[in-house]
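Accompanying notes for the structure given below.
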Amino acid sequence: MKSVMNLDRTRLGIIGLGYVGLPLAVEFGKKLPTIGFDTNKQRIEQLNTGIDLTREVESELLSEATHLSFTTDLDALRDCNVYIVTVPTPIDEQHCPDLTPLLKASETLGKVIAQGDIVIYESTVYPGATEEDCIPVIERVSGLTYNTDFFAGYSPERINPGDKEHRVTNIKKVTSGSTPEIAEFVDRLYSKVITAGTFQASSIRVAEAAKVIENTQRDVNIALINELAIIFNRLNIDTEEVLEAAGTKWNFLPFRPGLVGGHCIGVDPYYLTHKAQQAGYHPEVILSGRRINDGMGAYVAGQLIKQMIKQRIHVQGARVLILGLTFKENCPDLRNTRVVDIIKELEDYSITMDVYDPLASKDEAVQEYGIRPVDKPGKGSYDAIILAVGHREFCDLGAQQLRAWGKPIHVLYDLKYALPRGEADLRL
Ligand SMILES: NC(=O)c1ccc[n+]([C@@H]2O[C@H](COP(=O)([O-])OP(=O)(O)OC[C@H]3O[C@@H](n4cnc5c(N)ncnc54)[C@H](O)[C@@H]3O)[C@@H](O)[C@H]2O)c1
């Protein structure tokens, strides 16, 4: 059976319109008939009125995608012949991959897929997930046979939410396909929208592995720098000064210490370690990196307490202002934010906290974490202020304005190296 191999006849269906799916749908929707499908009715309603709560796509850019429509209706997908899956790939409480959204999306596709169609997965997974976990679901539901009746591709996404410089079109894209011809087609398809160029991997498994190690490498590198920061704090050496000095060597990598949250860097390595364990290998470096990074919230809380004691601030009953709740700067994404680890730890000291984050949705913060961010912090109210997330508007305030929220004696803790050296009382 031949598949659609003609770009001019391509009708795209994009499954999952979040941080990854929407920007992609908009780019394709400028060039090809594209249907954006999501199970979240509210999200589709908002997109239909030009609102993207992820802040990745401005209203006017949405309207530039003249061939794009949004739907929750499965039947609307039936006319498509190439599908791209961009649904979440979270982990469960035991840090095991939770493939539920991916398998559900595959079931959906099984109901609409026709002879010759191609399904391209973009979600971050472990090597083998596409062909061992997802494709069998499509085969079971559709009754079609893989690589005879329908075909697959995998092309991982590398976007960085909140980053206005690295956008979907100007990041080089890895592509792959289930046969050499399909790989070629998938590559040509993405080349239509990706101006930075594409890289055709030799197989779907190679492309899957490439994505998961990009994030694993970053996680392990940050873990190393976090461990170094812990060591240097004990030695009374400023970590940033050390990193600056070491960074003058041509091959020293410029990582900074910090919390590692979100649904990518702090999650994806567990996909790889899960697969490694299935294959009988217990990863040492990757998992110890995860443990260090997961422990940073508690470490930060401990550092703050020590500094408060040093400045003779009474810890029990103290009021602390946490600036930022999202998992990263300039982005409203609250998923898997590790700021909550600091909050939990400080609660154990009977400290009360106000969280201030103008980017975060208050309702989502309550729903996800039981935390209601304040509208505005009170002037002169806090025994300590933690700059936890480097939102532009916090950094722009500068130390003096940040300190205006503090009591006459307070600790200003700069987790993000956002302030010039010497302006905070404490840095990570
Ligand atoms: N956000 C990032 O920075 C980023 C970067 C690179 C890769 N990724 C990967 O891309 C994938 C998607 O991430 P995201 O951040 O866009 O997630 P997201 O949560 O922002 O969006 C996922 C969307 O999929 C929808 N959805 C869930 N199940 C569905 C189903 N069965 N059918 C249709 N729609 C469904 C949700 O309603 C949501 O709108 C993940 O695997 C993630 O690891 C994310």
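The table below gives the values:
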| quantity | calculated |
| --- | --- |
| Rg followed by Dmax, in Å, when segment 287-348 is reduced to its Cα trace | 13.2, 38 |
| Cα gyration tensor, segment 68-136 - rounded (a/c under 1.5), prolate or oblate | prolate |
| Rg [Å, one decimal], Dmax [Å, integer] - segment 297-428, C-alpha atoms | 13.4, 38 |
| DSSP-loop trypsin sites (Lys or Arg not before Pro) across segment 234-333, with at most 13 other Cβ within 10 angstrom | LYS249, ARG312 |
| Size of segment 257-365 as Cα extents on the principal axes (Å, biggest first) | 52, 32, 21 |
| Built amide H within the under 5 Å cut-off of LEU412, gap 5+ | ILE385, ASP425, LEU426 |
| Size-normalised alpha-carbon gyration radius of the chain, reference 2.2 N^0.38 Å | 1.07 |
| Convex hull volume per residue for segment 319-377, taking Cα atoms only, in Å³ | 70 Å³ |
| Residues SER361, SER142, SER123, SER59 arranged by fewest to most Cβ contacts within 10 Å | SER59, SER361, SER142, SER123 |
| Surface/4 estimate of mean projected area, convex hull on alpha-carbon atoms of segment 358-408, nm² | 3.8 nm² |
| Segment 112-261: Rg to Rh, with Rh as the Kirkwood radius over Cα pairs | 1.13 |
| Loop-resident sites, segment 28-120, for GluC sites (Glu not before Pro), counting at most 10 other Cβ within 10 Å (DSSP) | GLU93 |
| Global size of segment 142-223 as Cα Rg and Dmax, reported in angstrom | 14.6, 46 |
| Karplus-derived 3J(HN,Hα), 6.51/-1.76/1.60, for each residue of segment 7-14, Hz, glycine and proline x | 4, 5, 9, 6, 10, 8, x, 10 |
| The chain, helix-only ellipticity at 222 nm - DSSP H runs n ≥ 4, -39,500 (n - 2.57), divided by all residues, nearest 500 | -11000 deg cm²/dmol |
| Alpha-carbon Rg/Rh ratio, for segment 180-229, with Rh computed the Kirkwood way | 1.20 |
| Length-normalised contact order for the chain - Cα pairs under 8 Å, 6+ apart - percent | 11 percent |
| Relative contact order %, segment 154-218, counting alpha carbon pairs below 8 Å whose residues are six or more apart | 34 percent |
| Distance histogram for segment 28-162 (every C-alpha pair counted, 5 angstrom bins, percent rounded to whole numbers) | 2, 9, 17, 21, 21, 15, 9, 4, 0 |
| Taking CYS96, CYS80 and counting other C-beta atoms within 10 Å, the order from fewest to most | CYS96, CYS80 |
| Fraction of alpha-carbon pairs over 19 Å apart in segment 102-196 - percent | 44 percent |
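Only the coordinates and a few stated rules stand behind these numbers; no lab work does. All figures in this text were calculated on a predicted structure; none of them were measured in a lab. FYI the Cβ positions are ideal-geometry reconstructions off the backbone, even for glycines, and counts take in every protein chain you see.
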